[in-house]
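See structure below.
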């Protein structure tokens with residue numbers, strides 16, 4: 001598929017669905033009131049809810065950097081390419097870090113469904129903002145993965 005076809009498809013989808021969402025095909029006289037839509041979305045937000053949404057990805061970041069420190073202090077150096085870690089505690093730490101980042105990335109599919117579903121339910125519309133906060137926190141956690149020292153990343157991603 002060429003770039004022109006993708007752009008044409010996106011423009012067509014925006015044209016068709018945009019007209020649907022502003023009420024052109026529903027017999028409505030007035031389009032959707034966007035100000036009211038966004039007020040209903042942000043009206044019930046709390047800092048506690050945002051903190052709860054970003055808590056799990058932030059905990060993974062702490063676990064990951066604790067793993068980096070654990071590797072450094074147990075070996076006294078960065079591991080070499082292809083080297084295996086000895087000891088059940090460091091192996092458990094390694095596996096927990098790897099499995100939890102996989103779970104965080106896989107949970108983004110559920111967060112996308114929650115985001116989309118909550119947009120259509122007026123009472124639960126504010127939950128969609130929490131889903132966006134969670135997705136952004138998982139994205140930042142994924143980016144934080146690459147801020148480790150190069151020698152460690154070379155070993156981790158081999």
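Quick note: the coordinates plus some simple rules give every number you see, no bench work behind them. All figures in this text were calculated on a predicted structure; none of them were measured in a lab.
Structure data summary
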quantity: Extension gain, residue 66 back to residue 89 (0.36 nm per residue minus Cα-Cα distance, nm); calculated: 7.0 nm
quantity: Stretchable slack from residue 3 to residue 80, in nm (0.36 nm times residue separation minus alpha-carbon distance); calculated: 23.5 nm
quantity: Segment residue 144-residue 119, extension gain: residue separation times 0.36 nm, minus the distance between their alpha carbons; calculated: 6.0 nm
quantity: Cα principal axis extents for the range 43-156, largest first, Å; calculated: 55, 25, 23
